[in-house]
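> Please read through the structure below; I'll follow up with questions.
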Amino acid sequence: MSTSTVASTPTGQSGAGERSSLLKLFLTRGILAVVWALAFAGVQGDHEDLGAGAVVLLVVYPLIDAVSSFIDYRATPAGSERQVTAFNGVLSTLAAVALVIAGAGSLAAAFHVFGVWAVISGLAQVIVGVRRRGPELGKQWPTLISGGLSFLVGITYNIQAAGDHPTLEVLSVYATGGGVWFILQALLLGWKSRQLRAQAV
C-alpha cells in the first residue's frame, strides 16, 4: 500500500467528489459551447443585422454559463473561490437580460454587451482557476488560458463594436475555442483522478 492518504481521508474524498462534479460539468459545458457555435454560425453567418434567432442564441449563451456557475457553486467548498463562482453566475444572468434589451436595439449594442461580459467573466474564470490550482485539481492551465483569452477577446469585441461595420460572426469562433478549453480541462481532471487513484493503491 502507498503512504498516500488522498483517497482515504475526508479531504481526499471531498477532492475526488469535486473533481468528478467538475469533470462532468466542464465536459457538458464544452460540448454545449461547440453546439452553440454551430447553431449561431448557421443563424447569423456574416449578416450585419440581428435576426430573432441570433438574439435568442445570444441570450442563451450567458444563460448556459449562469446555470453552469450555479452547479459549480453547489459542488464547490465554501471559500473565496465559491464566492467568485457565485458572482460569475449573477453576472452571466445580468448579461443575458442586457442582451435581450440590446438585441432589440442594434448589433453594435449587443456586441458591446457580449464583449463586456466576456471581459469580466474571463477575469472571474482566471481567478477561480488560480484558486483551484493544487494537488487535488491540478494546475488548471486550460481554465486559466480560456479565461485570459476571454478577457483579451472581450476588449477586442468592444473595439470592433465601436467601428463602422461590426459583425457577430467571430462569436462562433469564441464559443468554439471556449468549448475546446472546457473539454480539455475535463480530460485533464479525468487524468488527475486516475493518477491519484493509482498513487493510493
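The values are calculated or read from the model by the stated rules, or taken from the named source; none is laboratory data. Quick caveat: nothing in here was measured; it's all calculated off a predicted structure. No Cβ is skipped: glycine too gets one built from the backbone with ideal geometry, and neighbour counts run over all protein chains shown.
> Quick check on my filter: what residues within the stretch 76-123 are of a type in the set (Ser, Thr, Tyr) and modelled with pLDDT of 95 or more?
Selection gives Ser92, Thr93, Ser121.
> Can you name the number of the only condition in (1) at pLDDT 95 or above; (2) among the small types (Gly, Ala, Ser); (3) surrounded by fewer than 19 Cβ atoms within 10 Å (Cβ to Cβ) that Gly134 fails?
Status for Gly134: all satisfied but (1).
> Restricting to the stretch 92-107, what's the tally of residues that are surrounded by fewer than 19 Cβ atoms within 10 Å (Cβ to Cβ) and among the hydrophobic types (A, V, I, L, M, F, W, C)?
Going through the stretch 92-107 one residue at a time, the tally reaches 5.
> Filter the stretch 152-197 down to the residues that are exposed (fewer than 15 other Cβ atoms within 10 Å of the Cβ) and in a loop (DSSP other than H, G, I, E, B) and list them by number.
Ala162, Gly163, Asp164, His165, Glu169
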